Amino acid sequence: MGVPRGEWETFGNSVCPDVFGREPSMNHVHARSRRSAFTIIEVIVIVVIIGVLATIVAPRLIGYIGRGKRSATEANAGAIANAVTAYMTDCGKPPPGASLESFLMSRPSEVDAAAWKGPYMQNSDQFKDAWGTPFMIVVPGKKNVDFDIVSYGEDKKAGGEGDAADIVKP
């Protein structure tokens, strides 16, 4: 016994009768195969929507990146300020004209070996701000009495506003 009339379906590319026993028309078959791809209008609409979303999201994302760099720089400057305070407690004032890395990572020749309890920082990567510029120490400080740890910000120049503003710790 075969399949009862009217219960045939469409399999692959073959044309079989539908549930009512009718064979599909050629227009119906071609309409189904034409609809398998996107039209150029649909692609253009999708591209425009993605472009609009990108123009809305990109400025906000860039702002978060700038704030993140500034926060990381402030945190590193604070850690360096704590290390300099510990150094000054142990050894006195830092050597004049010395870089932060030179006296916080290794004992200066003029400092007694028994007094120096360093290294005072974990690694030398912490001596650069988020924009790749080394931090500076100003002794005596302009903002604080003993010293200032300074980063000139994104523009690497004194002064500025926003991400280009100077960061001074402690």
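Examine the stretch 155-163 for a residue that is small (Gly, Ala, Ser), outside any loop (DSSP other than H, G, I, E, B) and touching a Ser or Thr at 6+ places or on another chain (Cβ under 6 Å), and state whether such a residue exists. Step through it out loud before you land on a result.
Residues of the stretch 155-163 that are small (Gly, Ala, Ser), as a first pass: 158-160, 162.
Adding the requirement that they be outside any loop (DSSP other than H, G, I, E, B) leaves 162.
Filter once more, so that each one left must be touching a Ser or Thr at 6+ places or on another chain (Cβ under 6 Å): none.
The answer is no, given that none of the residues of the stretch 155-163 is small (Gly, Ala, Ser), outside any loop (DSSP other than H, G, I, E, B) and touching a Ser or Thr at 6+ places or on another chain (Cβ under 6 Å).
Do we find that ALA77 is surrounded by 11 or more Cβ atoms within 10 Å (Cβ to Cβ), among the aliphatic types (A, V, I, L, M), in a helix (DSSP H, G or I) and in contact with a strand residue (DSSP E or B) (Cβ under 6 Å, 6 or more places away or on another chain) in this structure?
In short, yes.
Name the single residue, out of those in the stretch 117-170 being among the aliphatic types (A, V, I, L, M), farther than 20 Å from ASP90 by Cα and touching a strand residue (DSSP E or B) at 6+ places or on another chain (Cβ under 7 Å), that is surrounded by the fewest Cβ atoms within 10 Å (Cβ to Cβ).
MET136
If you check ALA79, ALA114, ALA54, ALA130, which single one turns out to be among the small types (Gly, Ala, Ser) and within 16 Å of PRO170 (Cβ to Cβ)? Break it down stepwise before answering.
Values: ALA114 fails: within 16 Å of PRO170 (Cβ to Cβ); ALA54 fails: within 16 Å of PRO170 (Cβ to Cβ); ALA130 fails: within 16 Å of PRO170 (Cβ to Cβ).
One residue alone meets the criteria, ALA79.
Report the residue count in the stretch 98-116 for those that are free of Cβ contacts under 8 Å to residues at least 40 places away in the same chain and either among the hydroxyl-bearing types (Ser, Thr, Tyr) or open to solvent by less than 60 Å² (accessible area, probe 1.4 Å) (or both).
Looking only at the stretch 98-116, we keep the residues that are free of Cβ contacts under 8 Å to residues at least 40 places away in the same chain, and these are 98-99, 101-116.
After this cut, where a residue has to be either among the hydroxyl-bearing types (Ser, Thr, Tyr) or open to solvent by less than 60 Å² (accessible area, probe 1.4 Å) (or both) as well, the list is 98-99, 102-106, 108-109, 111, 115-116.
So the count comes out to 12.
Consider the stretch 74-97. How many of its residues are touching a Pro at 6+ places or on another chain (Cβ under 7 Å) and without any contact (Cβ under 8 Å) to a residue 24 or more places away in the chain?
So the answer is 1.
The values are calculated or read from the model by the stated rules, or taken from the named source; none is laboratory data. These figures come from a predicted structure and were not determined experimentally. Every residue, glycine as well, gets a Cβ built from its backbone with ideal geometry; the counts of neighbours run over all protein chains shown. The area values use the complete protein model at the heavy-atom level, side chains included, leaving out ligands, DNA and RNA. Shrake-Rupley method; radii C 1.70, N 1.55, O 1.52, S 1.80 Å.
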